[in-house]
Every structure is written in structure tokens, then in C-alpha cells.
Amino acid sequence: MKKIVFALTLTLVVASGFVFANNGIKGETPAKTAKKAWEATPEGIAFKKWEASAAGKKVYAGEAKIRKSIREFTNMNAVVTSLTLPLGSRLGFGVMVKMNGEDYILAFGIESKHEFDQLRKLKVNDKIMIKSRNVSHAPKYAFPIVSGDNIERNGKLMYKRVPVKGGC
């Protein structure tokens, strides 16, 4: 009886090994499978169309221009072009800036305890230095979205993002 149970267990373990190994060979991870499933939804199809459109390509080109500065967390020179975000945006507080001849949304998020008071003193055509760790995009916006981590004007720090406690 013990030999039969052992043989069945061994067979099950070997068969499971082949199944997992075969899954690894195909390269299909659960994330890839979920992404493929999402791409088949109406939202996924619309996103893929946006990526292939002129507007999507323009946003990706803007991201590419600042990717090195984002990756290395270095200063980026910018000029404030608007004190308001595009109509209907849901990014919290932010301003529009121009860097390297491209327009960007400089987003800071939802304010708590007057943390953006210094930033509210900005004016159109102010020259600022931006440090950021993130640039993103969304089909709703015609511009790349830069998260403001450190903002300086005239060599003085105006804003520094406070890291989330207990976060990554």
C-alpha cells in the first residue's frame, strides 16, 4: 500500500514539474496573460489605438526626451507655461511646463496641509528646475505627465515630495 501511494505521489510530482516547466518555456506568466486579456477588452483596444495614433506617438516621444534625466534623477530645466492643468484633468494640483521644446504636465497630486503653498506662487514664464523619478501617460491627456519630486526656482528649493511612510 505504501509503495502504491509513493508511486502515485512521485508520478504527480513529476507530472506537475512538466506542467510548470512547459509553462515557463512558453513564457506565459500570469501578468502577461492578464495583459493579453485586458488588451482584448474595449478599453485595451482603445488604448492600443491611441498608442499607434499621432497623439500617442507624440506623448511617447516627449517621454523619451526626458527618460535619461528621470532614470538618473538629474535636474531638468523647465519654463512654466500655464498655471492650470488641461480641462477635466483629475491629477490634483499641477502646472504645465515646457522642457526641451515639449509641453508636459507637472503633477503633484492631492494637497494635504498646505504643502503646495510655495508652488502656488509660481507665475507663467518662471524658470524652474525639476527632479523627478516618474513620467507617465494616459490617453486622456495630450502630454506626458511628470511627477514633481523636487522643484527649485532661483536656486532655492520650493518643493520636495515627502516619501510615503511604510511605502516602497
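What follows draws every value from the coordinates through simple rules; no lab data is involved. Please read all numbers here as calculations on a predicted model, not as lab measurements. Positions of Cβ are backbone-derived with ideal geometry, glycine not excepted, and every protein chain shown enters the neighbour counts.
List of remarks:
- The range 89-128: trypsin sites (Lys or Arg not before Pro) in DSSP coil with no more than 11 other Cβ atoms inside 10 Å: ARG90, LYS113, LYS123
- Here's the list of lysines a cross-link from LYS36 could span, going by alpha-carbon distance under 21 Å and ignoring same-chain residues fewer than 8 apart: LYS26, LYS48, LYS49.
- When DSSP beta bridges are restricted to pairs lying wholly in the range 33-115, around 90% turn out antiparallel.
- In loop segments of the range 70-152 as defined by DSSP, the chymotrypsin sites (Phe, Trp or Tyr not before Pro) with at most 16 further C-beta atoms inside 10 Å of their C-beta are PHE73.
- Legend: residue pairs LYS113/LYS156; LYS35/LYS98; LYS68/LYS165; LYS32/LYS131; LYS35/LYS68, Cα-Cα distance threshold 24 Å; pairs beyond threshold, LYS35/LYS98; LYS68/LYS165; LYS32/LYS131; LYS35/LYS68.
- Tensor-based shape of the range 47-160 (alpha-carbon gyration tensor, a/c under 1.5 rounded, otherwise prolate or oblate): prolate
- Residues in the range 92-117 that a label on ASN77 would reach, taking backbone N under 14 Å of a point 7 Å out along Cα→Cβ: 98-102
- Phi angles across the range 53-66 convert, under the Karplus curve 6.51 cos²θ - 1.76 cosθ + 1.60 with θ = phi - 60°, into 3J(HN,Hα) values of 6, 4, 5, x, 5, 5, 5, 5, 5, x, 5, 4, 5, 10 Hz, Gly and Pro given as x.
- Within the range 20-120, GluC sites (Glu not before Pro) in DSSP loop having at most 16 other beta-carbon neighbours inside 10 Å: GLU28, GLU111, GLU115
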